[in-house]
Amino acid sequence: MQGTVTKSTGSWYQVKTEAGEIISCRIVGKLRLRGIKSTNPVAVGDVVEFKMEEGEETAVISEILPRKNYIIRKSVNLAKQTQIIAANLDQAVLIVTLDFPKTYPRFIDRFLVTAEAYSIPAVVVFNKVDLYSDADLDELEFYTLAYEDAGYTVLHTSVPGELGLDELKELLQDKTSLLSGHSGVGKSTLVNTVEPGLDLKTKAISSSHHQGQHTTTFAEMFPLHFGGFLIDTPGIKA
């Protein structure tokens, strides 16, 4: 049988079959892809072959089909190894904020270079623009022009101000999109606004450090009612 991995918790995977059924799967032995050294052999977005376990409602993943692309980051636990965040993407959407919490250009640039290296189109979304000071707005204009001149799509969004939400929805429609960014930049709030049925968890910004607190602890793929799939990832700290 064949299906797409929609959720990974480290040892178990949720696989959605072509018929829409969700099967809990584990991997067989030391399943590894040739030439890729990562802490997780199977990632959300992977298309896999699996076999049902005899007398059980669970299955075993026996093969990963070739990926058209994938994106990685350094493993949290093992600095010299990598973790595959997701595979088979149409685009990577980076949510950033100029304040509360601040996203530094170096972080944005590193993400864009990583996406470029793995042949994944990238989009930069500046969120919470309703909170920006005049100085922040000047900075926003500068970065917008810089990234657009480099060939990237740039959006400005605000949930309270209802700014850029239709554009974001149009951007996500009929595509498999990775959503990433620092903890606290408003990823879950944005997603809950364009796709209310998901009800992703949100958490307040730390008042002492003005940084986000992790709410997503594993990658998961969600279908969008207007077409496409969204892969939500754990927030990335600076």
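Odds and ends about this structure:
- Note on Met52 and Trp12: the extension gain reaches 13.0 nm, defined as 0.36 nm multiplied by sequence separation minus the Cα-Cα distance.
- 5 angstrom amide H check on Ala219, placed H, neighbours 5+ away: Ser8
- Here the contact order of the range 102-197, divided by its residue count and restricted to Cα pairs under 8 Å and six or more residues apart, works out to 25 percent.
- Of the residues Lys7, Lys68, ranked by 1.4 Å probe accessible area with the largest first, the sequence reads Lys68, Lys7.
- Nonlocal amide H pairs with Ile27, under 5 Å, H built at 1.01 Å: Ile61
- Gained length - Val60 relative to Phe100, 0.36 nm times residue gap less alpha-carbon distance: 10.1 nm
- FRET efficiency, 1/(1 + (r/R0)^6) with R0 22 Å, evaluated for Arg73 and Thr153 via beta carbons: 0.50
- Subtracting the Cα-Cα distance of Leu163 and Leu131 from 0.36 nm times their residue separation leaves 10.3 nm of extension gain.
- A convex hull fitted around the alpha carbon atoms of the range 51-186 yields 166 Å³ per residue.
The values are calculated or read from the model by the stated rules, or taken from the named source; none is laboratory data. Keep in mind it's a predicted model, so treat the numbers as computed, not measured. Here Cβ is always computed from backbone atoms with ideal geometry, including for glycine, and neighbour counts include all displayed protein chains. When the accessible area is computed, the model is the full protein with side chains, heavy atoms only, and any ligands, DNA or RNA have been set aside. Shrake-Rupley method; radii C 1.70, N 1.55, O 1.52, S 1.80 Å.
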